[in-house]
Each structure stands twice: as structure tokens, then as C-alpha cells.
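Q: My questions all concern the structure below.
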Amino acid sequence: MRNFFAFFLIIPLFALANTATATEVDDFIVDTADDLATLCATPAEDPMHQQALHFCHGYLVGAYHYHVKSTSGVEGANFVCVPDPAPSREQVISEFVAWLETNPAKLNEDAVDALFEWAAGRFPC
């Protein structure tokens, strides 16, 4: 469980080749997986790079904390179990982004739903 937490704490930015516009304040209203992927892929030369990076990390860590709390206790059951050692940051984000690219219908889903659908498939318990 701690490995999965560490996994989300160290998620890096992964620059998508198709990022064409500069990040704007409205981009931080994350409704869909596409919105989240766009923020997490903000290129280093973008003026909002640091803000996007911090938001991306915070979103992923918050989602993971929710998972931990919602699956703890007598009736809770984990649905995501990351192996030890956990995969590299680069591997995790590239796999998630690649999954979104091969599942474009997921881009319009709630970001946290898409994130955990991918994670549960990639790291089943």
C-alpha cells in the first residue's frame, strides 16, 4: 500500500507530443481524464508548468488517499495493488497516457474514474 502512495507522490510530468496551447487558469478545472492528462503533460517551457505539475501531483495523491480511506476497514477491499518495487515514474505516466490514447472514449470520463480504471487493470489485487 505504501508503494502505491509513493508511486503517486513521485509522478512526473510526461510531455504529450500534441500539446499545442499554453496552459491557462481555466485548465485547472479538471472534469475529465483529458483535462487531467493535459495538465500532467504541460511542457517545461510553458509559463504555468510548475503550477500544472503541482496540481497534477496533488490530484493524484488526493485520489490515492481517497482510495486508501474508502477501502480501509472491515468491509473495504483494495482494487489497486502496486507491486514492490513499484514501476518508475516514467513508466507509470507513459502507460496511463498510452491507455488513454488507445481508449479515447475514456477521455470524457471523470478523471478520477479513468485513473482508477486504468490503475485497477494495470495493478489488480
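The values are calculated or read from the model by the stated rules, or taken from the named source; none is laboratory data. Note that this is a predicted model, so its numbers are computed, not measured. For neighbour counting, all protein chains shown are included, and Cβ atoms are generated from backbone atoms with ideal geometry for every residue, glycine included. Protein only, heavy atoms only, side chains kept; ligands, DNA and RNA dropped before computing areas. Shrake-Rupley method; radii C 1.70, N 1.55, O 1.52, S 1.80 Å.
Q: Given the conditions (1) over 25 Å from residue 29 (Cβ atoms); (2) open to solvent by 60 Å² or more (accessible area, probe 1.4 Å); (3) in a helix (DSSP H, G or I), which single one is not true for residue 72?
A: Checking residue 72 against (1) over 25 Å from residue 29 (Cβ atoms); (2) open to solvent by 60 Å² or more (accessible area, probe 1.4 Å); (3) in a helix (DSSP H, G or I), the one that fails is (3).
Q: Residue 100 - would you say it is in contact with a Ser or Thr (Cβ under 9 Å, 6 or more places away or on another chain), of a type in the set (A, V, I, L, M), in a helix (DSSP H, G or I) and open to solvent by less than 80 Å² (accessible area, probe 1.4 Å)?
A: no
Q: Something else about it: Give me a count of the residues in segment 25-79 that are modelled with pLDDT under 80, small (Gly, Ala, Ser) and under 18 Å from residue 122 (Cα atoms).
A: Number of matching residues: 1.
Q: Within segment 40-54, restricting attention to residues that are surrounded by fewer than 20 Cβ atoms within 10 Å (Cβ to Cβ) and touching a residue at least 24 places away in the same chain (Cβ under 8 Å), which residue is farthest from the chain's Cα centre (by Cα)?
A: Looking at residues that are surrounded by fewer than 20 Cβ atoms within 10 Å (Cβ to Cβ) and touching a residue at least 24 places away in the same chain (Cβ under 8 Å), I get 47.
Q: In segment 80-90, how many residues are within 15 Å of residue 125 (Cα to Cα) and surrounded by 14 or more Cβ atoms within 10 Å (Cβ to Cβ)?
A: 4
Q: So residue 93 clears everything in (1) at pLDDT below 85; (2) open to solvent by 50 Å² or more (accessible area, probe 1.4 Å); (3) outside any loop (DSSP other than H, G, I, E, B) except one condition, right? Which one?
A: Only one criterion in (1) at pLDDT below 85; (2) open to solvent by 50 Å² or more (accessible area, probe 1.4 Å); (3) outside any loop (DSSP other than H, G, I, E, B) is unmet by residue 93, namely (2).
Q: Given the structure, is residue 123 under 13 Å from the mean Cα position of the chain (by Cα), open to solvent by less than 50 Å² (accessible area, probe 1.4 Å), at pLDDT 85 or above and aromatic (Phe, Trp, Tyr)?
A: When the stated conditions are applied, residue 123 does not pass them.
Q: A further question on this structure: Scan segment 29-39 residue by residue and report those that are open to solvent by less than 40 Å² (accessible area, probe 1.4 Å), part of a helix (DSSP H, G or I) and touching a Leu at 6+ places or on another chain (Cβ under 8 Å).
A: Those that are open to solvent by less than 40 Å² (accessible area, probe 1.4 Å), part of a helix (DSSP H, G or I) and touching a Leu at 6+ places or on another chain (Cβ under 8 Å): 33, 36, 37.
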